[in-house]
1. Describe numerically, in nm with one decimal, the distance between label points set 7 Å from Cα along Cα→Cβ at Asn103 and at Ile5.
2. Give the Cα extents of region 88-133 along the principal axes, in whole Å, largest first.
3. What does the charge count around Arg55 come to, taking other residues whose C-beta lies under 12 Å from its C-beta (Lys +1, Arg +1, Asp -1, Glu -1)?
4. Give or take rounding to whole Å, what are the principal axis extents of the alpha carbon atoms in region 8-47, in descending order?
5. Sum -39500 (n - 2.57) across every DSSP H segment of at least 4 residues in the chain, then divide by the residue count to get the 222 nm mean residue ellipticity, nearest 500.
6. Averaging the inverse of every distinct alpha carbon separation and then flipping it gives the Kirkwood radius. What is it for region 57-160, in angstrom units?
7. Is there a quick way to get the dipole size of region 39-162? I mean about its Cα centre, with the Cβ of Lys and Arg at +1 and of Asp and Glu at -1; what is the value in debye to the nearest 20?
8. What three numbers, in Å, describe the spread of the alpha carbons of region 1-131 along their principal axes, ordered from the longest?
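What follows draws every value from the coordinates through simple rules; no lab data is involved. All figures in this text were calculated on a predicted structure; none of them were measured in a lab. Cβ atoms come from the backbone with ideal geometry, glycine included; neighbour counts cover every protein chain shown.
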Amino acid sequence: MTRLIPFPFLSLGLLVLWLLLNQTTSLGQFLLGCILALAGGWMLVRLQLPRAPVRRPGTLLQLFFLVLVDIIHSNIAVGRIILGLGRRHRTSGFVRIPLDLRNPYGLAALACIITATPGTLWVNFNQQKGSLMIHVLDLIDEGDWISTIKDRYERRLLEIFP
């Protein structure tokens, strides 16, 4: 059954979306939607990555709440910058961070964390050197950013993804 419909919820969602977009439930549109929904599921099988073993789910939960708090703090800091409160002289810049993390799932999680945090942006990752470049809206101390990324995020991601 999983060969015919590898992702049943995705296929059902695609079928419903097709019918909603066409604003009809006629037999022809239903059959065409079924064909497109099955084809979408089959195409996704080609893109599916192998499952990643996750160790230490407690650390994953701890990382989630840590990132949530950091996002809230960053929202407040960026809001203060936009409103012109606090220091007047702002310097944005790029920071190069050497990483020990090589797991693609861990790197993807780190990219999501950095990009989801206001005021920071993942710019580039040099796989040969293991060097990450980020852009920071309010760059005060490069060393502080390096230790933040390595100690708060990378250390936990190395525990989660072997």
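1. Rounded to a tenth, the inter-label distance reads 3.4 nm.
2. Each principal axis gives a Cα extent; for region 88-133 these are 40, 21, 13 Å.
3. Working: positive: Arg56, Arg156; negative: Glu159.
Surrounding charge for Arg55 is +1.
4. The Cα atoms of region 8-47 stretch 31, 14, 13 Å along the principal axes, largest first.
5. It comes out at -17500 deg cm²/dmol, rounded to the nearest 500.
6. Numbers: mean 1/r = 0.0701 Å⁻¹.
In region 57-160 this quantity evaluates to 14.3 Å.
7. Values: 15 positive and 9 negative charges, 45 e Å.
The calculation lands at about 220 debye.
8. 64, 37, 30
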